[in-house]
Each structure stands twice: as structure tokens, then as C-alpha cells.
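For reference, the structure discussed in these notes is given below.
Just so you know, all these numbers are worked out from the coordinates, no wet-lab data involved. The shown structure was predicted, so the numbers you read here are calculated from the model rather than taken from an experiment. So basically every Cβ, Gly included, is an ideal-geometry build from the backbone, and we count neighbours across all protein chains shown.
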Amino acid sequence: MSFLEIKRLRKQFGDVTPLRSVSFSVEKGEVVSIIGPSGTGKSTLIRCINRLETPSSGQILLEGKNICAPDTDLTALRRRVGMVFQSFNLFGHLTVLQNIVMPQMDILGRSAEDARKEALRQLRRVGLDSKAGSRPEELSGGQKQRAAIARALAMQPEIMLFDEPTSALDPTMVSEVRNVIARLASEEEMTMLIVTHEMRLARDVSTRVLFLNDGEIAEDGSPEQIFDSPLNESTRQFVMRVNSWQWVIDYGRTDFFIMMSSLEAFCQSRFMNRRLMNSCEMVVEELVSGHIQPCLKDYDEMRVEFRLETIGDNESVTLTAEFSGVDLDPFDEYALPMSDAIVNSKTRRIPQDGEGIRVWEIIV
Amino acid sequence: MVINKQRSGDTLTIAPEGRLDTVTSPELEKAVKGSLDGVTELIFDLAGLEYISSAGLRVLLSSQKIMNGKGSMKVIHVNEMIAEVFEITGFTDILTIE
């Protein structure tokens, strides 16, 4: 018998069916991440597991007991199943410590003193004991989420559910929350189910990754399988899309500010260091300003599609440019010397067989 | 980008902070050209500069050309990343870098 078993789970809201038929099981100590495009029912799935949503059909068995049964004691269930939300859900009028003490007294019936001790213990665990007396508004986003994790842990749950724990955070604060979750996974062997858009969290922390697409599990495998050699075509396309930045440039679309902001946001989302990020930005900027723009003055039909892809932990970063609408190579024929020198020093060209395509590896 | 300017006699110090790229370089160019009256020594203090592309290099180059005719120009506090771009593009031979 698995610790958590989900059988043919379906959830329908009116005409919309975010979950069509989902089945999988989780063993004690496993850390399972659920990834997939927006609107494919990831959050609905996790919300069914602590019964914030009631499934339309199917079963959820926790140690063999169906928690979808009408007589399920929801308070008892939520004592066993901890939940961390995207938006923290801390009470603004209470201190951090009070936010963690109160549910222990209300739901577990702990004494004020025991609850306080436990709250401080959990705050130490997430590195936030110095903020016990602060109000949530005085904390950064990352600290708020760590406080919310401490609050869930203080209830001593048997499984923790994380619903997009890093997606409301500024990119600079994602790593502190990821580190706390990673520590829970590796040192404490906590059973966890994590819905996330953040691929590094899924890759670094999980023992297993589920790819949810169109309300069903399209692929269930190790992080290595899902991210490096997915078996399912929809997984492959999704992973490629989230690991790459794409941008089209043609006569009407050469707004540098928007392009560079978009590229910078992608580099940050991939946790590139300053040096690698600078190289990526420079190469793209010089290719556009020193090659493509001069060429567009003569050939306004030209269209160039850029794709910057990263592999693993940015071990390899490649830039592909596919160009059309012109019968010459803009990168050869229209190279301003300064731009060309910068591009050549920051890249290694990867030869391609076909025409209309250039691939560079970014070097730092 | 923030452009700090400080005039002391015939010496003008310009300290751009942030990114000097295709988007921001025209601003710097305008700021330089509008303030060179009576200046015989132009100093670019790049301590706060995080990024420079060829567009930014062109502003330095055109400033150098103007100053060649009326005095001198130097570039100071060049960090490692900016120095690398100067090196790649041969600017270390064109500019006076301290």
C-alpha cells in the first residue's frame, strides 16, 4: 500500500475540466514535483489532496483510506497534510511568531508555551528565528514564504503540499526558498508534493517529476528523464520552451528595450551569474545592432528568429538564429567590425549543414 | 542609466552608472556634447558602469575625437568586465585608461 494513492481523479468546474483522469502514487519520503503548462490543473490537483477542492470523481487514498468519502474529517485530514501557498497567506495583524503559534493552539490544542517553543524551533529550521517578533509586512517575499513553511511544519504534517511556492517571489529571493525546501527533502526525508513553474526547483529537489498536460499525466519519471531525455513529445516541447528564450526580429520589430528586458528576465529566471548574463546580452545586442539592423536597411523582408537555450545548470548555453526573406547571410555580409569582434570573443560557432541557420555557443 | 556630471574649472568628469547600451547610449552622447564648452580635460569615470556594448564604445570614440581637437580625455575606474570589452575591440590602444 502506498502512502498516497490517487486513482482516476477528475475535477470539473461547469464546462471546464482541469483534471480529466489522474492516477499516481507517492511513497513515504518521496519528493514529487508536478510541472506543466498553465491551466492544466496542477494547482487543482494539489488542492484536491487536502480537500480545498472536492473531486468530481475518483479516489484519493491516504494510507489506504479514501479521503474523498463524505464522512471525512477535514480538520483531521489537514492536520496530516500541510500546505504552503503561492501567496503566503500570513495574517498581517499578527507577528510571525503568533502566525505560527495560533494554528497549533486552535487545531492541535497545544498549550501557549508548547506552541511558542515549537514555533521558534521551526523558525530556526528555516533560518528566520530573528524575525519572530516582526510583522509580515516587514519581511521580504522570501522571508514571508519561509515563515509560511515554518507555520505548516509546526503542525507536524505527514506530507507537505507546495502550491507554486516561488512564483510570487522576486527572482533574487527564489533561491532562499528553494534551499529551505531542498533541505527539508534531503535532511529530513519529508514527503512532499510540489507544484511549480520553477524548473530548477523541480530538478534539484525532486526524486520524481510528473508532467501534467491537458488534465492527465503525460509523463512520470526521474528529473533526469523529464529534463534531459523525455519520452513524451509534449514533455519535450514543454521543457524546451521553458528552457529557452525566443525572439523574432523583422523590419517592424526592433525595439531594443523590450527585447533586452525580456532577455534579462529569462537569464535571471535561469539563475545565470552576472558574467554569463552579460555575455548573452552582449552577443544578442551586437548581433542585432551590428548585423541584423544594417541588413534590414537593405532587405526589409528579412526575418530573424533567435532562440537562446540553456542545458542543465547553464553548463551549456547556445544561441540559434534562423533567418529568412534574404538570400545572403546577414552575419557574414553585414558585420560591423566592433560588433563582430565582441560576438567572436564571446562565442564559439557551431557549424550547421543547412542554410539560413547559425548556432553559437556562448563562452564566458 | 544615471549620468553624473561634475565640472571643475576646465575639467569635466562624467560618470555614467548602470548600462551603456543601444538604448541608453544616445542619452550619454547628448549629455557629453551639450557640456563640452570650454572643457579641455574630459574624464569618464566608469566605476558605476555594469555593461557596455558597441553603442557605448561609439560614444567614447566620438568624445575622444572631439577632445583630440581641444584637449585631452581619459577613462578611469574601469572594472574587469568593461576592460575586457576595451581589450577585445582594441580600445585599449585608442583610449587613455587609468
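Here are some pairs, A:42/A:144; A:346/B:70; B:30/B:74; A:346/B:33; A:28/A:144; which of them have Cα atoms lying more than 25 Å apart in this structure? Mind showing how you got there, number by number?
Numbers: A:42/A:144 23 Å; A:346/B:70 36 Å; B:30/B:74 19 Å; A:346/B:33 32 Å; A:28/A:144 28 Å.
Table pairs above 25 Å Cα-Cα are A:346/B:70; A:346/B:33; A:28/A:144.
Counted over the protein assembly as shown, the DSSP beta bridges are approximately 65% antiparallel. Projected label points at residue A:69 and residue A:8, each 7 Å from Cα along the beta carbon direction, are separated by 1.9 nanometres.
Dipole of region A:243-362 (Lys/Arg Cβ +1, Asp/Glu Cβ -1, origin at the Cα centre): which of A:354, A:316, A:284 lies farthest to the positive side? Going by the Cα projections, it comes out as A:316. On the basis of the beta-carbon distance and an R0 of 51 Å, residue A:130 and residue B:68 show a calculated FRET efficiency of 0.30.
Specify the inter-centroid distance of region A:250-271 and region A:49-117, based on alpha-carbon positions, in whole Å. About 42 Å separates the Cα centre of region A:250-271 from the one of region A:49-117. Beyond 30 Å, the tail of the calculated P(r) for chain A holds 48 percent of the Cα pairs. Between residue A:25 and residue B:35, the FRET efficiency from the beta-carbon distance, with R0 = 56 Å, is close to 0.20. Within region A:66-105, the chymotrypsin sites (Phe, Trp or Tyr not before Pro) that combine a DSSP coil assignment with at most 16 other C-beta atoms in a 10 angstrom radius are A:91.
A Förster radius of 22 Å, combined with the Cβ-Cβ distance separating residue A:274 from residue A:242, puts the computed FRET efficiency at roughly 0.50.
I want to verify a result. In a Gaussian network model of chain A, Cα cutoff 10 Å, which of these has the top mean-square fluctuation: A:75, A:44, A:318? The residue that fluctuates most here is A:75.
Extending 7 Å from Cα along the Cβ direction at residue B:94 and again at residue A:349 yields two label points whose distance is 2.3 nm. Between residue A:231 and residue A:172, the modelled labels are 4.4 nm apart [label points 7 Å from Cα along Cα→Cβ].
For region A:4-238, give the magnitude of the charge dipole about the Cα centre (Cβ charges: +1 Lys/Arg, -1 Asp/Glu; no others), in debye to the nearest 20. If you can, show how the numbers build up before the last one.
Values: 30 positive and 32 negative charges, 103 e Å.
Using only the charged Cβ atoms, the result is roughly 500 debye.
Listed values for region B:3-10 are Karplus-derived 3J(HN,Hα) couplings in whole Hz (6.51 cos²θ - 1.76 cosθ + 1.60, θ = phi - 60°), namely 10, 9, 10, 9, 10, 9, x, 8, and x replaces Gly and Pro.
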